[in-house]
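K.L.:
This is the structure, below, for whatever I ask next.
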Amino acid sequence: MPQSHRLPRLILALVLLLLVLAPLLSGGLDLLIDWLWFSQEGFRVIYTTILKGQVALSGLAGMGFMVIVGVNLLIARAVARGYAFHVYQEAIEFPILERFSSLFRWVIWVGVLLVGYAVGNWATSHWLDFLLARNAVALGQTDPLFGIDLGFFLFRLPYRWFLFNLGLVTLIGSLLGALFLYFIEGGVWVTARGPEVARPARAHLLALSALLFVLLAYRLRLAMLGLLFSPRGFIFGAGYTDIHASLPVLWISLGLSLVTAVALLAGAFRGSLRPTIYSFLALLVVGVLGGAVYSEIIQRFIVAPNEIEKERPYIARAIEFTRKAYALDRFEERQFSAVEDLTLEEIRRNEATMRNVRLWDHNPLRTTFAQLQEIRTYYDFENIDNDRYWIDGIYRQVSLSPRELASSSLPSRSWINEHLIYTHGYGLCLGPVNELTSDGLPVLFVKDIPPVSTASVRITRPEIYFGELKNEYCFVFGELKILLSTDIGSESRLLIYRQILERASRLTPFIIYDPDPYMVIGQDGALYWILDGYTTSAMYPYSEPYGDMGNYIRNSVKATINAYTGRVRFYISDPSDLLIQVYSRIFPGVFEPLDEMPKDLRAHIRYPEGFFSVQAAKYAVYHMNDPRVFYNKEDLWRVAQSAARGPASPMTPYFTIMKLAEVGTSEEFILMVPFTPARKNNMIAWMAARCDPPNYGKVVVFAFPKQKLIYGPQQIESRIDQDPTISQQLTLWGQGGSTVIRGTVLVIPILNSVLYVEPLYLAAEAGGALPQLKRVIVSYSDQVVMEPTLDAALGKIFGGVVTSAQAQAPATLPLTARPGQDAAAPEAELQTMIREANDHFTRAQQLLRQGDWNGYGEEVKRLGEVLNRMAAKAQARPVK
């Protein structure tokens, strides 16, 4: 065989070998590890389904590209054989092409293989579009412009765009490859008069060009459907200009594209390109003048002078579809009278609400946990979460934070330390949201290593191998002893993907997870993580997008992860969501009904803050149902803002326990946030998401009377700053090396009234500051008071003793002072100390029964301190 033929074939063989080995060398090991891992976790169906989809797409795209381009190259080569470089005497010769024609030919084939491989890799990233299109279902509602079921847009339209892009790349590759081959082997020449093309070659090239214009017509049809997602007008979606200008222009352009394709085919047989030139020029004119100039004329001279009337029906569509896309149409809307007739007896009857007012903000509490309970330098409290537990038979809101391993803080980051010895976190801190010690520090029901509990919550499996912090893989063992690397054997287990968000996302990459998972203590004493998963899409017509999340979202998935074993389970929390229905069809057996979740864990599911925040932001705008009101922004809201800790910023939704006025029959765990008008600070409404069964997932919006002024959180902060007594005390505390930390102003609706509560903390400016809860500010009606405790502040406002903060407090409390008595505040302080002493005694007895002598001694010491303060207080009281 001639050497000139061996070299190109050798090159082709090497390229083919590279294409085969490259995936194995670069990703083969990862594929094997993931296959083993998915199988061990019980989700092999996810792995195999995704892999099959990727392989199918890679074959469709990569091999399809190679075959189609290859066929066109073979056609071009067959045509070129009948021609040579010297067909015409005036042809310009290219000796290099003649000398290396064989090499160039092989370069073309190698290029086809490389590009086909790249196309196949690109196609694998669209596996989800492919699977959704194959398993699409109808939503049962059509879009208002084309009458197409919305399921088509959610499931099929993205895949149609993929097919268009694939077809475009394939046709362009075929056209360029054939043209280059004709130029090398004959059929296309360069002469002094310009390029010359043989008739068969011209027919081939024109036929490919005709297919390009057919594909352009398909692209224009997709662009018509894309008008439902147009951001150009006053609203998101097709507006007046889109429908009356852009849509007709697209139809005309589609027709001209097909005419051009027919003209190209006619030119391929008849030899004349004049009809093609005319139709192509007409297409350019329509595209430029119609797409830009005509649309601008319609918008400026027809729509703009009377925009509200022209856009009214399309605004109504945008409101309707946006509310459905974000589930705002499910909200229950009620009026909240906001009267100012709250009495002491009503406060007492709502004792469960007052007992669960959150006085410990997350930031100061996390700092306190870090100072007092990290215990080892390599442990860290990443986040504080709020949840509810039955503590000694009473429904309590608590704050808790897992004690996780932070491998970055290890004293020596050797391989043995990171992978064999320091492998996991340990236990958690848990305490009530509104109790404090005599030193102003949080009371803890669960603390220390190993975990010590002073309440009815017990932890029997405190190890945290899987957590929020990202740690390297580790080896654990069947024996409870410190091991060296030489001890790795058959009883060892390799733990990978230990960061829980990464773990869940790797198993279900089509689900978006809320960045704030939270930990739950199971009845078996084990620790579990609960994650909220979102199904999202950017293909819901007329719905306004929210950032990069898309324009459709549902909290359809609850995932649980055992912090010790890493076992993951997925549950469907919103079975009405069409996306989760399709995912369940694609991946059978992966998602279980929510009723299958263990009852002790199901009791702790909560409405996710991320989803709630998205809905609140959308509802602030889309509560306006009237198109005219919406257009003029007459009733635009915003999430209430706070400026206590710097520049004004939207408040973060917060959890609390309360009885919802006119809705709830008892206290329940809710997530809430207040609203204000867009350019004012008075409160206009508040929104609550119910977390307890059987009302989980229901959202209620309480609107205040518009003719009545209800203070917003920022106005309450201003009133606090303007109070001379409080302002003077804050200034005094801020001197001498101390820092005053302002807590979040909490809006606490009680019956049809509103209370405001703001905690104050004091911390040293030096490093290692330990925030202490020093005062509680309460505002009601026109009163603003600051006292050492919430009970004392309520007592000062309502003229009596309100002993609502302790879990041991009875539901109905005796009246120990009449409204207006001067002794109310001192008596309240004394009552608080009595309860505090009782708490220390009770906890000391519990610790004694558990055999925790250190904890017992600490509680007895604190009891003595409280008794000493009580004695001093009693001596200071005047003798009557």
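The values are calculated or read from the model by the stated rules, or taken from the named source; none is laboratory data. Small disclaimer: the values here were computed from a predicted structure and weren't measured. As a convention, Cβ positions derive from the backbone with ideal geometry for all residues, glycine included, and neighbour counts pool all protein chains shown. Remember, those area values only see protein heavy atoms, side chains included, never the ligands or the DNA or RNA. Shrake-Rupley method; radii C 1.70, N 1.55, O 1.52, S 1.80 Å.
K.L.:
Quick check on this structure: which one of Leu168, Leu205, Leu212, Leu216 is open to solvent by 20 Å² or more (accessible area, probe 1.4 Å) and without any contact (Cβ under 8 Å) to a residue 40 or more places away in the chain?
P.N.:
Details: Leu168 fails: without any contact (Cβ under 8 Å) to a residue 40 or more places away in the chain; Leu212 fails: without any contact (Cβ under 8 Å) to a residue 40 or more places away in the chain; Leu216 fails: without any contact (Cβ under 8 Å) to a residue 40 or more places away in the chain.
Unique residue meeting the criteria: Leu205.
K.L.:
If I ask for residues that are open to solvent by less than 10 Å² (accessible area, probe 1.4 Å) and either over 21 Å from Arg156 (Cα atoms) or polar (S, T, N, Q) (or both), which ones from region 527-554 would you list?
P.N.:
Answer for region 527-554, where residues must be open to solvent by less than 10 Å² (accessible area, probe 1.4 Å) and either over 21 Å from Arg156 (Cα atoms) or polar (S, T, N, Q) (or both): Leu527, Trp529, Ile530, Leu531, Asp532, Gly533, Thr535, Ser543, Asn551.
K.L.:
Further question: Would you mind finding the one in Arg645, Arg628, Arg606, Arg638 that is more than 18 Å from Thr536 (Cβ to Cβ) and open to solvent by less than 30 Å² (accessible area, probe 1.4 Å)?
P.N.:
On the way: Arg645 fails: open to solvent by less than 30 Å² (accessible area, probe 1.4 Å); Arg628 fails: open to solvent by less than 30 Å² (accessible area, probe 1.4 Å); Arg638 fails: open to solvent by less than 30 Å² (accessible area, probe 1.4 Å).
Going through Arg645, Arg628, Arg606, Arg638 in turn, the sole match is Arg606.
K.L.:
Could you name every one of the strands (runs of 3 or more DSSP E) located completely within region 706-792 that has at least 1 residues being hydrophobic (A, V, I, L, M, F, W, C), farther than 23 Å from Ser438 by Cα and within 32 Å of the chain's Cα centre (by Cα)?
P.N.:
Working: elements: 738-742, 746-750, 753-764, 772-780, 783-787.
Qualifying strands (runs of 3 or more DSSP E): 746-750, 753-764.
K.L.:
Do we find that Arg376 is of a type outside the set (Gly, Ala, Ser) and assigned to a loop (DSSP other than H, G, I, E, B) in this structure? Don't jump to the end; show me each part of the working.
P.N.:
Numbers: of a type outside the set (Gly, Ala, Ser): yes; assigned to a loop (DSSP other than H, G, I, E, B): yes.
Here the answer is yes, as Arg376 does meet what is asked.
K.L.:
Of the residues that make up region 721-735, is at least one crowded, with 19+ Cβ neighbours inside 10 Å and of a type in the set (Gly, Ala, Ser)?
P.N.:
No, because not a single residue in region 721-735 is crowded, with 19+ Cβ neighbours inside 10 Å and of a type in the set (Gly, Ala, Ser).
K.L.:
Restricting attention to region 80-94, does a residue exist that is modelled with pLDDT under 90, in a helix (DSSP H, G or I) and surrounded by fewer than 16 Cβ atoms within 10 Å (Cβ to Cβ)? So that I can check it myself, show each step before the final result.
P.N.:
Step one: list which residues in region 80-94 are modelled with pLDDT under 90, which gives 80-94.
Filter once more, keeping what is in a helix (DSSP H, G or I): 80.
When the remaining residues are screened for being surrounded by fewer than 16 Cβ atoms within 10 Å (Cβ to Cβ), the result is none.
No: region 80-94 contains no residue that is modelled with pLDDT under 90, in a helix (DSSP H, G or I) and surrounded by fewer than 16 Cβ atoms within 10 Å (Cβ to Cβ).
K.L.:
Name the residue that is most open to solvent (accessible area, probe 1.4 Å), counting only residues in region 322-347 that are among the small types (Gly, Ala, Ser) and in a loop (DSSP other than H, G, I, E, B).
P.N.:
Out of the qualifying residues, it is Ser337.
K.L.:
Is one or more of the residues making up region 348-356 touching a Leu at 6+ places or on another chain (Cβ under 8 Å), closer than 30 Å to Leu773 by Cβ and among the aliphatic types (A, V, I, L, M)?
P.N.:
Here is the first cut: in region 348-356, the ones touching a Leu at 6+ places or on another chain (Cβ under 8 Å) are 348, 350-351, 354.
Those still in the list that are closer than 30 Å to Leu773 by Cβ too: 348, 350-351, 354.
This time we only want the ones that are among the aliphatic types (A, V, I, L, M), so: 354.
Yes, region 348-356 contains a residue that is touching a Leu at 6+ places or on another chain (Cβ under 8 Å), closer than 30 Å to Leu773 by Cβ and among the aliphatic types (A, V, I, L, M).
K.L.:
Could I ask something else about it? Conditions first: (1) touching a Lys or Arg at 6+ places or on another chain (Cβ under 7 Å); (2) more than 30 Å from Ile684 (Cα to Cα). His604 passes all but one, so which condition is the exception?
P.N.:
Tallying (1) touching a Lys or Arg at 6+ places or on another chain (Cβ under 7 Å); (2) more than 30 Å from Ile684 (Cα to Cα), His604 fails exactly one: (1).
K.L.:
Filter region 256-273 for residues that are open to solvent by less than 80 Å² (accessible area, probe 1.4 Å), of a type outside the set (A, V, I, L, M, F, W, C), more than 16 Å from Leu215 (Cβ to Cβ) and in a helix (DSSP H, G or I) and give the result.
P.N.:
Gly267
K.L.:
Quickly run through region 142-159 and pick out the residues that are out of contact with any strand residue (DSSP E or B) (no Cβ under 7 Å at 6 or more places or on another chain) and either assigned to a loop (DSSP other than H, G, I, E, B) or surrounded by fewer than 16 Cβ atoms within 10 Å (Cβ to Cβ) (or both).
P.N.:
Correct list: Asp143, Pro144, Leu145, Phe146, Gly147.
K.L.:
Does region 145-165 contain at least one residue that is under 17 Å from Val71 (Cα atoms) and in contact with a His (Cβ under 8 Å, 6 or more places away or on another chain)? Let's see the steps before the verdict.
P.N.:
Step one: of region 145-165, the residues under 17 Å from Val71 (Cα atoms) are none.
There is no residue in region 145-165 that is under 17 Å from Val71 (Cα atoms) and in contact with a His (Cβ under 8 Å, 6 or more places away or on another chain).
Conditions tested, residue by residue: (1) at pLDDT 95 or above; (2) among the small types (Gly, Ala, Ser); (3) under 30 Å from Asp692 (Cα atoms); (4) within 34 Å of the chain's Cα centre (by Cα).
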{"site": "Ile394", "(1), (2), (3), (4)": "no, no, yes, yes"}
{"site": "Leu400", "(1), (2), (3), (4)": "yes, no, yes, yes"}
{"site": "Ala406", "(1), (2), (3), (4)": "no, yes, no, yes"}
{"site": "Tyr422", "(1), (2), (3), (4)": "no, no, no, yes"}
{"site": "Tyr426", "(1), (2), (3), (4)": "no, no, yes, yes"}
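K.L.:
While we're looking at this one, here's another question. Output the residue which, of all residues in region 639-672 that are more than 12 Å from Pro713 (Cβ to Cβ), among the aliphatic types (A, V, I, L, M) and outside any strand (DSSP E or B), is modelled with the lowest pLDDT.
P.N.:
Filtering first and then ranking leaves Ala661.
K.L.:
Which one of these is in contact (Cβ under 8 Å) with a residue 12 or more places away in the chain and within 27 Å of Asp143 (Cα to Cα): Asn555, Asn562? Steps first, answer last, please.
P.N.:
On the way: Asn562 fails: within 27 Å of Asp143 (Cα to Cα).
The unique qualifying residue is Asn555.
K.L.:
Anything in region 551-565 that is over 11 Å from the mean Cα position of the chain (by Cα) and not polar (S, T, N, Q)? List them, or say none. Talk me through it step by step, then tell me what you get.
P.N.:
To start, the set of residues in region 551-565 that are over 11 Å from the mean Cα position of the chain (by Cα) comprises 551-552, 556-565.
Answer for region 551-565, where residues must be over 11 Å from the mean Cα position of the chain (by Cα) and not polar (S, T, N, Q): Tyr552, Val557, Lys558, Ala559, Ile561, Ala563, Tyr564.
K.L.:
Another question, if that's okay. Spot the failing condition for Gly42; the list is (1) at pLDDT below 90; (2) small (Gly, Ala, Ser); (3) over 19 Å from Val115 (Cβ atoms); (4) open to solvent by 50 Å² or more (accessible area, probe 1.4 Å), and only one is missed.
P.N.:
Exception for Gly42: condition (1).
K.L.:
Next question, about the same structure. Can you tell me how many residues within region 671-691 are of a type outside the set (Gly, Ala, Ser) and touching a residue at least 60 places away in the same chain (Cβ under 8 Å)? Before the answer, list the steps.
P.N.:
To start, the set of residues in region 671-691 that are of a type outside the set (Gly, Ala, Ser) comprises 671-677, 679-684, 686-687, 690-691.
In the following step, the residues that additionally are touching a residue at least 60 places away in the same chain (Cβ under 8 Å) were identified as 671-674, 683, 686-687, 690-691.
Within region 671-691, residues that are of a type outside the set (Gly, Ala, Ser) and touching a residue at least 60 places away in the same chain (Cβ under 8 Å) number 9.
K.L.:
Taking Gln772, is it open to solvent by 10 Å² or more (accessible area, probe 1.4 Å), touching a residue at least 60 places away in the same chain (Cβ under 8 Å) and in contact with a Gly (Cβ under 8 Å, 6 or more places away or on another chain)? Step through it out loud before you land on a result.
P.N.:
Details: open to solvent by 10 Å² or more (accessible area, probe 1.4 Å): yes; touching a residue at least 60 places away in the same chain (Cβ under 8 Å): yes; in contact with a Gly (Cβ under 8 Å, 6 or more places away or on another chain): yes.
Against the criterion (open to solvent by 10 Å² or more (accessible area, probe 1.4 Å), touching a residue at least 60 places away in the same chain (Cβ under 8 Å) and in contact with a Gly (Cβ under 8 Å, 6 or more places away or on another chain)), Gln772 qualifies.
K.L.:
Right, something else. Could you count how many residues in region 206-255 are assigned to a helix (DSSP H, G or I) and either more than 22 Å from Asn165 (Cβ to Cβ) or among the hydroxyl-bearing types (Ser, Thr, Tyr) (or both)?
P.N.:
Start the filter on region 206-255 by keeping residues that are assigned to a helix (DSSP H, G or I), which leaves 206-229, 240-255.
From what's left, either more than 22 Å from Asn165 (Cβ to Cβ) or among the hydroxyl-bearing types (Ser, Thr, Tyr) (or both): 206, 209, 218, 240-249, 251-253, 255.
Residues meeting the conditions: 17.
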